[in-house]
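The structure under discussion appears below in the form of structure tokens.
The values are calculated or read from the model by the stated rules, or taken from the named source; none is laboratory data. Here the structure is a predicted model, which means the values were calculated and not measured. Ideal geometry is used to build each Cβ from the backbone, glycine not excepted, and the neighbour counts take in all protein chains shown. Ligands, DNA and RNA are stripped out before the accessible areas are found, and what is left, the full protein with its side chains, is counted by its heavy atoms. Shrake-Rupley method; radii C 1.70, N 1.55, O 1.52, S 1.80 Å.
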Amino acid sequence: MTNTLHARSVLLPLTFFLLIALPFPLRGQIPPAAAVAVQLNHLTSFSALPNGIDLQHGEARMQIVALRENVVRIRVSLSKELPEDASWAVLKEAKQSTVAVTPDNTPGAVGFRTQALRVSVNRQTFAMTIADPDGNVLQQDALPTEFHGDSFRVYKTMPQDEHYFGLGDKPGPLDRRGQAFTMWNTDAYGFQESTDPIYKTIPYFMTFRAGRALGVFIDNTWRSSFDFGKQIPNTYSFGATNGPLDYYVFYGPTPKQVVETYSWLTGTMSLPPLWSLGFQQSRYSYTPQSRVIEIADHLRADHIPADAIYLDIDYQQQNRPFTVDHNEFPDFTGMISQLASKNFHVVAITDLHIANYPGHGYAPYDTGIGGDHFVKNPDGSVYSGMVWPGPSVFPDFTRAKTRDWWGGLYRDFSKMGIAGFWNDMNEPSVFNTPTKTMPEDVIHRIDEPGFAKRTARHAEIHNVYGMENSRATFDGLLRLNPDSRPFVLTRATYAGGQRYAATWTGDNSSTWNHLRLTTPMLENLGLSGFALSGADVGGFAGTPQPDLLTKWIEIASFQPIDRDHTEKGSGDQEPWVGGPEAESIRRRFIEERYRLMPYLYTLAEESSRTGLPIERPLFLEFPDATSDHHPIDVDPEAAGEFLLGPDILIAAPPYPDKLDNYIVEFPSAEWYDYWTGQPVPKPAPPVAPKANAPPSPPDSLPLTIRIHPEMASLPVFVRAGAILPIAPLTQSTSEIPQGALTLRVYAGDACAGHLYLDDGKTYAYKAGVSLRMDFQCEVRADGITLRLGEHKGSYPAWWKQIRIEIYGWSPRKRTVRLNGISADAMLDSSTTRVALTIPDDGRGELIELE
């Protein structure tokens, strides 16, 4: 059915200024702006759809449809025809999903309801409001959507207590409120806290207000921008210079549900190989071949666990991708084999710029030209720009055939046994242009399933170019070895790029400030889909102070990717640099990472299914930590804190170079010290405040303690109720742990834990060749009961026994029953924990202690 309202022309005079817009929620807060060509500020007609509503303002059209009960998609066009329905980011299954809606029209508004959302559009102003079923406003237009030629901008109200997270690894505080950002993938060597843009475009953010979370994803690959109240108070906005106005809004209400829904839209990471979670050693560059072997031997001789060594561009002949400099690496294949025998995986850089080197038998160039695989100038000639090899040409990854060709270039390296590949410089970075990238009029030829076959300017493809590079690498490796999990590391990417590659934060600096910046950058990357991410440990640009390197290695041991990397010309940055005392501290933290490998790998598997990040802000697990329901992470005292999965809290100081004591804010009331197993003591009751004085932040939180920072230690805590799986120490993930699996049980409410295991290499887990175990415990007044679940799946456990360590509980009778049979002799207790070791035959165990 179509309802027609009094007509109004959609085209407004160019002299029509925003100052005379029809009434909107924020009328009077409009900036002095230039003329608006087109505004959507009055509804002229609408049509109900089975899954949403179609609305018109003259010739302009807005379509709002429900993909799920909690997901709506909004598309806007200046004409009656909506743009091509194609996406580099959104999965086909998600885009085609639909649910029936119930029309919800009133004299003042039109709209619809789902089980989770109410969508209404004001008949007079065209302002859209999205609320939950109880009427809580989740998102509301603040000003009319406006178009300036090909560009557009959307404005939303910005409540004073709302916070914003996401947009990938933009530097700065975790909360985006009060900041503005540009999305344009940029080579940002030595970026600083205020640098923008940098390497990635992930036009997605989460709003969080009073315990309710909402996700917003703008699917537009052109240069775009986001403003969270920087220009207009109490208003956030987003827009792009061109392309479709196409965005998704999805409700939690919890932050976890928002993250999982974003992953439903754009995909999750593929389960990575186990070795990629180990310690990785890199620099620009380890050369010659003897130096690479020397580094590997030093790591093994000093018993520093490690799994990977990286080769930067100097292993190549004159920096030409897919070549080897045989003067510096006389037996490259033998070196790869020798490193494998020492349980090292090699990750080799393969930049996307192909040397423009005709007539010399350089196969990547010759086959690329022969297959017409390179991007073109507007006149049809092949575009060439200066990068590391000199004049270079660039694959046109918008063509499926070109991606297939690119993937085939890895055949020789794959046969050699190189385990992973590193796609750098793929913004794309170009040296000899003022923009540091390709001219925007360079031509790409889209020839891709799901898209209309057409040409596109680089201005449209730029932000998705790096992702399609990593996609070509991932898919190519999978074709070459269908049962081996690829590992691809990319610098530039777009939303959905987590399906193809891990990432890192780019060319950071060896400064204390950059160590501080790492935590919010990785947290926001995790919230933006990239569960497997890291930062160059120790910093890339420059030589770190010994204490800085030590503290960085400590913190990175609890982050998803742990790669020590630095630039050419800087000092050595391996764990032994600075002497035996510093090396001993660093080794201890790297060893702890390997003991935690069962927990880390279980988190990685969870991420591959749900999209939940490995490194998490506290509010993701504890959205109601504070009395007023603001996210605890925005407190200045908590700026250095993060969670590793749901159970481990790392409490680095908010300013790691300061020597002053600092406060650790906990998001719940019961925690244990990871290192000692002792419960975190409750603070003394606060001194009564003066009359009418507001409470201090620590007084309004469940638990706080004061910490004195020390170079040799890092405060780490475990949630009460957690059960952590711990392995015996190994020197690499290729080694089979020798001994019992340890379960550390931290007595508390909701006591549970999980373990996932498989071969760490192949896709056999998809056929059930994996192992899952669930653990529960219940603390009662007269004892404690533990249930160790049966082994689910056909993958064999590496352990025959399980050692159980219980913290925060003491036996009264010292009696033990194992599956109902007395087993008192197994009990081993101390002042800090109760322990026992039991056989594990895979059928599950019931342990009762009193």
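What to note about this one:
- Full-stretch length increase - LEU82, ALA301 - with 0.36 nm per residue and alpha-carbon distance subtracted: 72.5 nm
- Entries in LYS200/LYS436; LYS92/LYS761; LYS415/LYS761; LYS170/LYS230; LYS376/LYS453; LYS170/LYS200 that, when Cα-Cα distance is taken, lie over 18 Å: LYS92/LYS761
- For PHE619, the accessible area of its heavy atoms, probed at 1.4 Å with every protein chain present, is near 0 square angstrom.
- Assigned charges on the beta-carbon of Lys, Arg, Asp, Glu; the stretch 313-395 dipole about Cα centre (debye): 120 debye
- Whether the stretch 266-369 is rounded, prolate or oblate, judged on the alpha carbon gyration tensor where a/c under 1.5 counts as rounded: oblate
- At R0 = 45 Å, FRET efficiency that the Cβ-Cβ distance of LYS682 and GLU581 yields, to 0.05: 0.80
- On the chain, 52 percent of the accessible area sits on carbon and sulfur atoms, based on a 1.4 Å probe.
- For the stretch 124-208, taking Cα atoms only, Rg and Dmax work out to 15.6, 50 Å respectively.
- Applying the criteria of a DSSP loop state and at most 15 other Cβ atoms within 10 Å to the trypsin sites (Lys or Arg not before Pro) of the stretch 46-117 yields LYS80.
- FRET efficiency estimate (nearest 0.05) - Cβ-Cβ, GLU850 to GLN801, R0 22 angstrom: 0.45
- Globularity ratio of the stretch 245-312, using Cα Rg and 2.2 N^0.38 Å: 1.86
- For the stretch 43-117, size of Cβ-based charge dipole, Lys and Arg +1, Asp and Glu -1, in debye: 120 debye
- Using all pairs of distinct alpha-carbon atoms, the Kirkwood hydrodynamic radius of the chain works out to 28.7 angstrom.
- For the pair ALA767 and ASN242 in one chain, pulling the backbone fully straight at 0.36 nm per residue adds 184.5 nm over the alpha carbon distance.
- Each helix, a run of at least 4 DSSP H residues, gives -39500 (n - 2.57); summed and divided by the residues of the chain, these come to -5000 deg cm²/dmol at 222 nm.
- In the stretch 462-565, Rg over Rh equals 1.03, where Rg is the alpha-carbon radius of gyration and Rh the Kirkwood radius from pairwise Cα distances.
- Charge context of ALA752, other residues only, Cβ under 12 angstrom, K/R +1, D/E -1: -2
- Were the residues from ALA825 through GLU790 laid out at 0.36 nm apart, the gain over their Cα-Cα distance would be 10.2 nm.
- Magnitude of the charge dipole, the chain, Cβ model with Lys/Arg +1 and Asp/Glu -1, debye to 20: 1640 debye
- Overall form of the stretch 46-88 per C-alpha gyration tensor (a/c, 1.5; a/b vs b/c): oblate
- FRET efficiency estimate (nearest 0.05) - Cβ-Cβ, HIS629 to THR106, R0 22 angstrom: 0.15
- Net charge of neighbours whose Cβ lies under 13 Å from the Cβ of SER392, counting Lys and Arg as +1 and Asp and Glu as -1: 0
- Each of MET128, THR398, ASN220 was placed along the dipole of the chain (beta-carbon charges, centred on the mean Cα), and the one lying farthest toward the positive end is MET128.
- The chymotrypsin sites (Phe, Trp or Tyr not before Pro) of the stretch 206-246 include none that meets both criteria, a DSSP state outside H, G, I, E and B (loop) and at most 14 other C-beta atoms within 10 angstrom of the site's C-beta.
- Distance (nanometres) between label positions extended 7 Å along Cα→Cβ at ASP547 and PHE431: 3.9 nm
- In this simple spin-label approximation, TRP675 and GLU735 carry label points 7 Å from Cα along the Cα→Cβ vector, and these lie 2.3 nm apart.
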